[in-house]
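Throughout, read-outs are computed from the coordinates displayed, never taken from laboratory work. Owing to the predicted nature of the structure, the values given are computational and were not obtained by experimental measurement. Quick reminder, even Gly has a Cβ in these numbers, built from the backbone with ideal geometry, and neighbours come from all protein chains shown.
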Amino acid sequence: MIVVSPNLTDWGDKSARQTIELADWFIENYNVDTSRIYAAGFSAGGETLSRAVDMRPELFAAYLHCATQWDGGYDAVAEYKIPVYISMAEHDEYYGPDTARRAYEGLKSAYERIGISGDELDDLLILDIKPDDYFPAGTSSYHGGGWYIAHDKSIIRWLIEHGR
């Protein structure tokens, strides 16, 4: 497994393009199984990765969108049937859970426009709003607590069970 964690230049298209370029560099220079490239974005990284997944949906097998807002488009993600797991703390003090709900609804509508619904939709799109008791006692920031979501073994299993 190769884990790549790029630094952001901005929270917009420039960093999204650089992330894609970095992934392409690894594909060209290492033995990468291109059917198993995953994205996980937390906070600003999620804003950037939602753009990258929109720009190059064929690159990704699945995406974890965690404690962040969706800045990319929805239609290309739906067209390529990218599985997306959206998670946020109920009391995330930075973005708030409504940003996760809006991302879910936007993606759900895009999937439905291309005829995906029911069990197939449930397999491709998950909205997981975490209650306060999900986080360890003494968690001082539910936004920062998104770190626990990104390390949740059941969520990571969901992510890596997908392939292109």
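State, to one decimal in nm, how far the label point of Ser141 lies from the label point of Tyr80, with both points 7 Å from Cα in the Cβ direction.
Placing both labels 7 Å beyond Cα along the Cβ direction yields 3.1 nm.
Report, in debye and to the nearest 20, how large the dipole of the stretch 13-160 comes out about its Cα centre when Lys and Arg carry +1 and Asp and Glu carry -1 on their Cβ. If you can, show how the numbers build up before the last one.
Numbers: 13 positive and 25 negative charges, 47 e Å.
So the magnitude is around 220 debye.
Express in nm, to one decimal, how much length is gained between Asn7 and Ala44 on full extension, taking 0.36 nm for each residue of separation and deducting their alpha carbon distance.
On the way: separation 37, 0.36 × 37 = 13.32 nm, distance 1.03 nm.
Length gained, Asn7 through Ala44: 12.3 nm.
Between Asp98 and Trp25, what is the label-point separation in nm under the 7 Å Cα-to-beta-carbon projection?
Label-label distance for Trp25 and Asp98, simple model: 4.0 nm.
Expressed as a rounded percentage, what relative contact order does the chain have, with Cα pairs under 8 Å and six or more residues apart?
Details: 276 pairs, mean separation 35.9, N = 164.
Relative contact order for the chain comes out at 22 percent.
Span-like helices, the chain: DSSP H, alpha-carbon axial extent 27 Å or more, mean Kyte-Doolittle 1.6 or greater, which ones?
Values: long enough: none.
Counting only whole DSSP H runs, no helix qualifies.
How far apart, in nanometres, would the label points at Arg17 and Glu58 be if each is projected 7 angstrom from Cα along the Cα-to-Cβ direction?
Between Arg17 and Glu58, the label points sit 1.9 nm apart.
Eight or more residues apart or on different chains, and alpha-carbon atoms under 24 Å: count the Lys pairs in the chain matching that. Present the calculation step by step, with values, prior to reporting the outcome.
On the way: Lys81/Lys108; Lys81/Lys153; Lys108/Lys130; Lys130/Lys153.
Here the count comes out as 4.
From zero outward in steps of 10 Å, how is the percent of C-alpha pairs of the chain spread across the bins?
11, 41, 37, 11, 1
Once the mean 1/r over all distinct Cα pairs of the stretch 1-66 is inverted, what Kirkwood radius in angstroms do you read off? Each step should come with its number before you reach the end.
Working: mean 1/r = 0.0849 Å⁻¹.
Its Kirkwood hydrodynamic radius stands at 11.8 Å.
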